[in-house]
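The values are calculated or read from the model by the stated rules, or taken from the named source; none is laboratory data. Everything numeric here is computed off the predicted structure, so don't read it as measured data. Glycine gets a Cβ as well: all are built from the backbone with ideal geometry, and neighbour counts include every protein chain shown. What goes into the accessible areas is simple: the full protein's heavy atoms, side chains included, and nothing from ligands, DNA or RNA. Shrake-Rupley method; radii C 1.70, N 1.55, O 1.52, S 1.80 Å.
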Amino acid sequence: MRGVRVTINFITPEGDKKTIIANKGESIMDISHTHDDIELECACEGSLACSTCHVIVDPEYYKKLEEPTDEENDMLDLAFGLTETSRLGCQIVMEKDLDGITVTLPSATRNVQLKGSKLS
Amino acid sequence: YHMLKEHPSSLVDMYEALPMPFGLVRYGVAPDHPEVKNVQNRFDEVARDARFTFIGNVKFSKELKIADLKSHYDAIVLSYGASQDKRLNIKNEDDSIRNVFSARTFVGWYNGLPQHRDLQPDLTCSDSAIIIGHGNVALDVARILLTDIDELSKTDITEYALGYLRKSRIRNVTLIGRRGPLQVSFTAKELREMMHLPNTRFHTDTELVKTELSANAELISQNRPLKRLMQILESGTSKTVGEKSWSLKFLRSPVEFITRDSSDPSQPKFIKAVKFHINKLEGPPDNRIAVSTSVIEEIETSLVFKSVGYKSTPVEGLPFDEKKGLVPNVKGKVLDKNGNEFPGLYVSGWLKRGPQGVIATTMYDAFETAEIIMSDIQQNKPMLSDTIDNCPKMGAEAVIPILHERGIRTVSYDDWKKIEEKEFEVGRRKHKPREKYSRVEEVLGILDK
């Protein structure tokens with residue numbers, strides 16, 4: 001599909017940088033599905049019912065993104081290793097102004113349980 | 001999923017007690033949360049992989065034991081979850097009292113779990129219900145009881161449960177917890193849903209909420225999920241209009257179930273009220289405990305749900321930590337009672353970490369177990385004992401004939417797909433995503449036609 005092309009950089013949990021050329025309108029979830037070397041789980045298929053597509057956005061670009069909705073924030077609350085610039089990959093849609101964005105795929109190792117937050 | 005991706009030469013067999021796969025995704029997730037069930041599509045992809053075999057309708061520990069499997073597999077992952085309720089430890093907890101249910105059982109009932117098919121809750125005897133517990137399962141039960149029936153009828157909730165709910169007189173649900181507002185276990189999305197229930201008021205001890213929020217302002221400000229949760233709780237105090245209601249009561253621990261006097265001593269008695277003692281909170285802000293006072297409160301009710309958590313069941317041949325209610329392990333590798341690694345035995349999910357967490361948590365946990373298995377293979381660590389002639393393990397190819405010899409009717413993934421197709425078909429006619437079969441005999445009957 002040829003559209004407006006934008007560049008996105010992924011930093012893997014191991015620290016490797018991968019640069020992908022994507023189309024405007026593709027979400028980070030879409031991009032990970034079409035690129036085998038980008039391992040991002042999307043258990044609920046982009047319906048804001050999980051936090052498996054959690055990514056950490058570089059601060060410069062984080063500011064350019066629209067505020068997350070309550071629904072997205074509710075899911076981010078449950079994400080492991082939540083940061084100030086965390087977002088769900090399924091909600092970030094590539095636009096021209098996001099050209100050159102860098103997102104980090106968080107490490108999934110869980111050594112610490114969320115304190116005081118028992119989830120049934 | 002992770003094993004097959006990272007270790008392409010592996011073969012994975014999954015043994016499941018029911019003919020139907022997916023466990024809690026099918027039987028635990030609420031019918032009005034269909035997006036959460038999208039993960040079934042991932043499971044389906046795995047199940048269709050040629051290296052994966054699903055063997056359903058086999059009750060592990062009764063019909064199939066670890067001893068049976070040892071000579072046919074290099075490794076076994078126990079992932080059978082937590083199927084028992086945590087105890088309240090109150091006076092007549094184990095008496096058979098009518099209309100006192102575990103929330104888990106009720107959820108299983110409306111979701112079509114065969115084991116609880118015939119629960120027959122009486123939802124007509126009054127307009128109020130009590131739920132003991134402040135977690136997401138408690139909220140699920142409350143929400144299902146208070147959701148407009150027309151909305152529910154569009155979901156995959158079972159038809160028989162819809163029948164009961166249509167006749168339900170329940171209009172007020174009270175959730176009662178041991179501790180205070182800051183110690184609730186439910187999470188933002190679920191609380192928000194409750195606050196958005198149409199035509200439903202919200203009641204709570206607003207003074208207590210105010211006091212707790214201001215006394216713990218610093219703690220709250222440093223904890224993002226807690227802060228957002230408390231904001232939603234606060235906003236709810238303005239929900240004062242509606243014919244239905246739900247309430248949060250804090251600082252109460254149940255001590256006794258009080259039953260109606262019965263004219264027929266041969267029948268189990270019916271619940272009449274629950275006796276609670278009032279608690280106060282003590283301890284540091286991030287670890288408050290409930291300490292009972294001498295004040296007693298009796299709350300009248302004719303429907304009670306217990307929702308205070310789960311624990312796992314021990315199984316022959318598997319080390320078990322009674323205190324924690326799980327299998328001792330490190331990152332999923334089972335440890336024997338001396339703390340040594342048990343070759344070839346692994347755990348995953350709630351059996352490994354305890355019964356907490358959402359799909360994402362359990363997913364990462366599963367990946368961790370898979371990683372340990374792969375690393376053990378790479379490091380040539382001892383797995384399950386080899387067969388005498390050192391042949392490669394045969395897995396399901398060897399085990400299925402043994403099960404058939406024992407008279408067990410195993411169910412394949414193709415069998416399940418046939419059943420699922422029928423569930424979709426029947427569902428379509430009723431304008432529901434699917435109509436679940438809730439009796440094992442019925443499912444097997446269809447397959448054996």
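Debye-formula intensities of the stretch B:1-101, expressed as log10 I(q)/I(0) at q = 0.11, 0.16, 0.17, 0.21 Å⁻¹, are -0.51, -0.90, -0.97, -1.23 (one equal scatterer per alpha-carbon, no solvent).
Surface calculation, 1.4 Å probe, protein heavy atoms: B:Tyr413 sits at approximately 20 Å² accessible.
Look at the stretch A:38-49: the mean tally of other chain Cβ atoms within 10 Å of its residues' Cβ atoms is 5. Accessible area per residue was computed with a 1.4 Å probe on protein heavy atoms; B:His196 scores about 130 Å². With a 10 Å cut-off around each Cβ of A:73-84, the average count of Cβ atoms from other chains is 4. Summed for both chains, how many Å² of accessible area, to the nearest 100, are buried between A and B with a 1.4 Å probe? About 2900 Å² of accessible surface is lost on pairing. The fraction of Cα-Cα pairs per 5 angstrom bin, counted from 0 for the stretch B:349-405, comes to 4, 14, 14, 14, 16, 17, 14, 5, 1 percent, rounded to whole percents. Short-range pairs are left out: with C-alpha atoms under 8 Å and at least six residues apart, the relative contact order of chain B is 23 percent. Quick note on the stretch B:221-349: its Rg to Rh ratio, both from C-alpha atoms and Rh being the Kirkwood radius, is 1.10. Need the C-alpha centroid separation for the stretch B:432-449 versus the stretch B:302-333, integer Å. Comparing the Cα centres of the stretch B:432-449 and the stretch B:302-333, I get a distance of 30 Å.
Per-residue 3J(HN,Hα) values for the stretch B:332-347, derived from phi via the Karplus relation 6.51 cos²θ - 1.76 cosθ + 1.60 with θ = phi - 60°, read x, 8, 5, 10, 7, 5, 8, x, 8, 5, 8, x, x, 10, 9, 10 Hz in sequence order (x marks Gly and Pro). For the stretch B:149-164, the Karplus equation 6.51 cos²θ - 1.76 cosθ + 1.60, evaluated at θ = phi - 60°, returns couplings of 4, 5, 5, 4, 5, 8, 9, 8, 4, 5, 5, 5, 5, 4, x, 5 Hz by residue, with Gly and Pro reported as x. Around the amide H of B:Lys269, modelled in the peptide plane, lie the amide H atoms of B:Arg98, all under 5 Å away and 5 or more residues distant in sequence or on another chain.
State, to one decimal in nm, how far the label point of B:Ser71 lies from the label point of B:Ser262, with both points 7 Å from Cα in the Cβ direction. Result: 5.1 nm between the two label points.
A simple spin-label model places the labels of B:Asp118 and B:Lys381 4.6 nm from each other, with each point 7 Å out along Cα-to-Cβ.
For the stretch B:93-188, the Kirkwood estimate of hydrodynamic radius, built from reciprocal distances between every pair of different alpha carbons, is 14.2 Å.
About its Cα centre, the dipole of the protein assembly as shown is roughly 1340 debye, where the only charges are +1 on Lys and Arg Cβ and -1 on Asp and Glu Cβ. When all alpha carbon pairs of chain A are counted in 5 Å bins from zero, the resulting P(r) reads 2, 11, 22, 25, 20, 11, 4, 2, 1, 0 %.
If the Kirkwood radius is taken over C-alpha pairs of the stretch B:82-123, then at 10 °C and 1.306 mPa s the Stokes-Einstein diffusion coefficient equals 139 µm²/s.
Computed from backbone phi, the HN-Hα couplings of the stretch B:94-104 come to 8, 5, 7, 10, 5, 6, 10, 10, 7, 4, 4 Hz, rounded to whole numbers (Karplus: 6.51 cos²θ - 1.76 cosθ + 1.60, θ = phi - 60°; Gly and Pro given as x). The mean sequence separation of alpha-carbon pairs under 8 Å and at least six residues apart, normalised by the residue count of the stretch A:9-111, gives a relative contact order of 41 percent. Less than 5 angstrom separates the built amide H of B:Leu326 from those of B:Asp321, all sequence-distant by 5 or more or on a different chain.
Here the stretch B:327-449 is treated as an ellipsoid with the same Cα gyration tensor; its semi-axes, largest first and in whole Å, are 36, 23, 13.
Tell me whether the stretch B:151-304 comes out rounded, prolate or oblate; compute the Cα gyration tensor, take square roots of the eigenvalues as a ≥ b ≥ c, and use a/c under 1.5 as the rounded threshold. Oblate is the answer for the stretch B:151-304, as a/c is 1.5 or above yet b/c matches or exceeds a/b.
Of the residues A:Asp30, B:Asp415, ranked by 1.4 Å probe accessible area with the largest first, the sequence reads A:Asp30, B:Asp415. Rounded to the nearest whole angstrom, the semi-axes of the ellipsoid equivalent to the protein assembly as shown, taken from the Cα gyration tensor as √(5λ), stand at 38, 33, 25, largest first.
Per residue, the accessible area of the protein assembly as shown comes to 48 Å² when a 1.4 Å probe rolls over the protein heavy atoms.
Taking the 1.4 Å solvent-accessible surface of the protein assembly as shown as the whole, the part contributed by carbon and sulfur is 50%.
The length gained by stretching the chain between B:Ser294 and B:Glu442 to full extension, at 0.36 nm per residue less their Cα-Cα distance, is 48.0 nm.
Largest accessible area first, the residues B:Thr369, B:Thr147 order themselves as B:Thr147, B:Thr369 under a 1.4 Å probe with ligands, DNA and RNA left out.
Using heavy atoms of the protein chains and a probe of 1.4 Å, the accessible area assigned to B:Glu341 is about 80 Å². When averaged across all projection directions, what area in nm² does the alpha-carbon convex hull of the stretch B:121-168 cover? Mean projected area of the Cα convex hull: 3.6 nm². Put simply, chain B fits an ellipsoid with semi-axes of 40, 27, 22 Å; these come from the alpha carbon gyration tensor as the roots of five times its eigenvalues, largest first. B:Glu322 sits among other residues whose Cβ lies under 12 Å from its own Cβ, and their net charge, with Lys and Arg +1 and Asp and Glu -1, is +3. For the stretch B:196-345, averaging the sequence separation of C-alpha pairs within contact (under 8 Å, six or more residues apart) and dividing by the residue count gives a relative contact order of 15 percent. The C-alpha atoms of the stretch B:385-449 occupy a region whose extents along the principal axes are 57, 21, 17 Å, arranged from largest to smallest. Label sites at A:Glu95 and B:Arg224, each approximated as a point 7 angstrom past Cα along Cα to Cβ, lie 2.2 nm apart.
Placing B:Met14, A:Met29 in order of accessible area, with the largest value first and a 1.4 Å probe, yields B:Met14, A:Met29.
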